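One structure is given here, and the rest of the page talks about it.
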Amino acid sequence: MHAFLETTEEAAFEAAEKIDMLVESGVDLSIIGPMAGVPVAYKDNMNLEGTHTTCSSRMLENYVSPYTATCVRNTLEAGAIPLGKLNMDEFAFGSSTETSAFGPTRNPWDLERVPGGSSGGSAAAVAAGLATVTLGSDTGGSIRQPGSFTGTVAVKPTYGVVSRYGVVAFGSSLDQVGPFARSVEDAAMTLNAISGHDPLDCTSQPVDTDFTANLAEGAAGMRIGIVPAFMEAEGLTAEVKAKVEEAAEHLRAAGAELVEVELPNAQAAMSAYYVLGPCEAFSNLSRFDSVRYGYCDPGHKDLGGQYEASRAKGFGPEARRRIMLGSYLLSAGVYDKYYYPAQQVRTLITADYTRAYEKCDVIMMPASPRTAFKFGEISDPTSMYLSDMFTISLNIAGNGGMSMPCGLGADTGLPVGVQLQSPQFRDENMFRAAAALEQVYGKAPVAPAFAG
Ligand code: GLN
């Protein structure tokens, strides 16, 4: 299935032995931390000292982390057992893990299909029962879309809830780390462990929310926003639409009120993202120059030639496409035409959400327009980019969102995720709605071929 790129047996056994000893001596595990003894694995864009952090790229194939990312360290300090590093789309560019330089990850529900991406390894590992919890990152949908494709609880918190220190940057104003799990409580407990201010990331906020606090409250009295235009969106398959409508009805039956809300500028989100994302990626990836970091093509006498050959060979096609796009978009004369308007779109979308949340506590929509597709089925970049039609506007606004499994599609028999979104720093709202849905659908199962 190829979810893992590297396993950390030694560290795992060492951490497990420590926990065993404490259990034997009668210590209450909750004193150690909220993740005591929980097997966890990390997307390969997260530094863990002594492991490779490749971002699934030839560029970083031989890079060994000299330090540990704050989000990873927080899990370890909370008692987690580190299992290793997980496959992803190269530098998190993609929606299928097909752009990984080390080969794709397969979807545990159907090995002929993609697990989604870019956090495909993180999603597949949880869906196959190989890890209890994993961490992924989401810049435009990379936690929620694979969560939907693999039937896992997949959370992209509000921007600033989790430190980005030590996570290899794609789009610094969009990236956010979050957990994959098979239960809402596991996801909430993990977020408790990894959230909060970090002096090493000035965008991280002093969040001390207990995300498990209102899981038992039920949906009664909640206002759930539905965006009618999204439910009629072109490309949304009938089976996904039916499942999302059914989930909304379940929340209504549990006492929630369904209200219609509008996000009128959301149709510009995709265009804005494919300006802002590549611009930020272009800047962030300039550090991989074969001197400070990354693959160094041997035998060049001049530095220019070394840069050119190393970057041409080190980066795969999708990474090169984003770099070239960002380079063009930030060039003189072009910048004003694209980057600046994209930032204005960002302000409009953020304002749309603020208005919508005057009428509701949570917004509900599909996480992905369809269930998992087959390898190679989507080959042109533009169609692949449409995988994120329901996820991107959230990153643009910086709000919280999650994909919650709501059963299997009637046509494909594959997992469907309903997306629950929260206002900024009100992530507990979506956890509450998710817990109410879990009452109906049960905890996310391990994919049948891997169960038992
Ligand atoms: N699929 C989107 C992209 O290719 C989102 C990726 C992400 O969230 N990292 O950019």
Q. Got a sec to turn the phi values of region 375-388 into Karplus ³J(HN,Hα) couplings, 6.51 cos²θ - 1.76 cosθ + 1.60 with θ = phi - 60°, whole Hz, x for Gly and Pro?
A. 4, x, 5, 10, 10, 8, x, 5, 5, 5, 4, 5, 4, 9
Q: Report the calculated FRET efficiency for Ser271 and Arg292 (r = Cβ-Cβ distance, R0 = 51 Å), to the nearest 0.05.
A: 0.95
Q.
Quick check on region 246-374: take the gyration tensor over C-alpha atoms, sort the square-rooted eigenvalues as a ≥ b ≥ c, and tell me if it's rounded (a/c under 1.5), prolate or oblate.
A. prolate
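Can you work out the FRET efficiency for the pair Lys359 and Asp302, with r the C-beta to C-beta distance and R0 = 60 Å, to the nearest 0.05?
0.45
Would you please name the trypsin sites (Lys or Arg not before Pro) within region 369-452 that are DSSP coil residues with at most 11 other C-beta atoms within 10 Å of their C-beta?
Counting only loop positions with at most 11 other Cβ atoms within 10 Å, none of the trypsin sites (Lys or Arg not before Pro) in region 369-452 qualifies.
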Q. What is the calculated FRET efficiency for Glu24 to Gln439, with r their C-beta to C-beta distance and R₀ = 41 Å, to the nearest 0.05?
A. 0.70
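Could you list the trypsin sites (Lys or Arg not before Pro) in region 243-338 that lie in coil according to DSSP, counting only those with at most 12 other Cβ atoms within 10 Å of their Cβ?
Passing both the DSSP loop test and the Cβ count: Arg292, Lys301.
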Q: Starting from the Cα-Cα distance between Met231 and Glu14, subtract it from 0.36 nm times their residue separation and give me the gain in nm to one decimal.
A: 73.2 nm
Q. Distance in nm between label sites at Tyr328 and Ser379, each 7 Å beyond Cα in the beta-carbon direction?
A. 2.2
Q. Taking amide H positions as placed 1.01 Å from N in the peptide plane, with prolines and chain starts having none, which residues 5 or more places from Val133, or on another chain, fall under 5 Å of its amide H?
A. Ala41
Q: For region 134-229, build the charge dipole from Cβ charges (+1 Lys, Arg; -1 Asp, Glu) around the Cα centre, then report which of Pro206, Ala181, Ala216 sits farthest towards its positive end.
A: Ala181
Q: On the protein heavy atoms, probe 1.4 angstrom, tell me the percent of accessible surface of region 310-452 carried by carbon and sulfur.
A: 56
**Q.** Chain lengthening between Glu245 and Leu111 when straightened (0.36 nm per residue, less Cα-Cα)
**A.** 45.4 nm
Q. Under the Kirkwood approximation for Rh and a Cα-based Rg, what ratio Rg/Rh is obtained for the chain?
A. 0.96
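Classify region 1-74 as rounded, prolate or oblate from the Cα gyration tensor: take a ≥ b ≥ c as the square roots of its eigenvalues, call it rounded if a/c is under 1.5, otherwise prolate when a/b beats b/c and oblate if not.
The shape class here is prolate.
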**Q.** For region 74-115, convex hull volume per residue from C-alpha positions, Å³
**A.** 104
**Q.** Selected from Leu258, Ser368, Ala242, residue furthest toward positive end of dipole (the chain; charges at beta carbon)
**A.** Ser368
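The values are calculated or read from the model by the stated rules, or taken from the named source; none is laboratory data. A quick note: this is a predicted structure, and the numbers were derived from the prediction, not measured. In this analysis, Cβ positions are derived from the backbone assuming ideal geometry, glycine residues included, and neighbour counts consider all displayed protein chains. In case anyone asks, the SASA skips ligands and DNA or RNA and just uses the protein heavy atoms, side chains included. Shrake-Rupley method; radii C 1.70, N 1.55, O 1.52, S 1.80 Å.
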